[in-house]
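What follows is a set of notes on a single structure, which appears directly below.
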Amino acid sequence: MPPKPSAKGAKKAAKSEKAGRSGNKKGRHRRKENYSVYIYRVLKHVHPDTGMSTKAMSIMNSLVNDVFEHIADEASRLAHYNKRSTISSREIQTVARLILPGELAKHATSEGTKAVSRYISSR
C-alpha cells in the first residue's frame, strides 16, 4: 500500500493543479468580433422603421464572422500559393470573386475598390 501524502503535500498539489488549469485557459480563448453595431447602422440606413431581435442580430453577427474567416483563410492560402507573405487588397478582391455569388461579388468588388481608393486619397 502506498504511503499517504502529508497535508502540506496535498495543498501544494492542489495549488499547482489550479495554477496549471488557469494558465491553459488564457491561450485557449480566441476573441470573436462583434459587428452588431454596424449591422444595426446598415439596417437603419436601408429600412429606418424596421427593428431586429437579439436572436436575429446574433445570427447576422455569426454570418459576418463566418464570411470574414472564410475570406481571410482563402486569402491567406492564395498569398501562400503565390509565395507572398502579405495579404493585399488584390488577394481580397480575388477571393471575394471566388467565394461570393454573382451580383454580390460584383457589388463587393466595386465597394471594396471604392473604399481602398478613398483610403489612399485620405493619406
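Just so it is clear, none of the values below were taken in a lab; they were calculated from the coordinates. Note that the structure is predicted; figures quoted are calculated from it, not measured. Positions of Cβ are generated from backbone atoms using ideal geometry, with glycine treated the same way; all protein chains shown enter the neighbour counts.
Karplus-derived 3J(HN,Hα) values for region 58-66, using 6.51 cos²θ - 1.76 cosθ + 1.60 with θ = phi - 60°, are 5, 5, 5, 4, 5, 4, 5, 4, 5 Hz; glycine and proline are entered as x. Stretched out straight at 0.36 nm per residue, the stretch from His80 to Thr113 would grow longer than its current Cα-Cα span by 9.6 nm.
Modelled this way, with points 7 Å down the Cα-to-C-beta line, the labels at Ser58 and Lys44 are 2.3 nm from one another. P(r) for region 44-95, from all Cα pairs and a bin width of 10 Å, is 23, 33, 21, 19, 5 %, short bins first.
For region 35-43, 3J(HN,Hα) computed residue by residue from phi via the Karplus equation (6.51, -1.76, 1.60; θ = phi - 60°) reads 9, 4, 4, 6, 5, 5, 4, 5, 4 Hz, glycine and proline entered as x.
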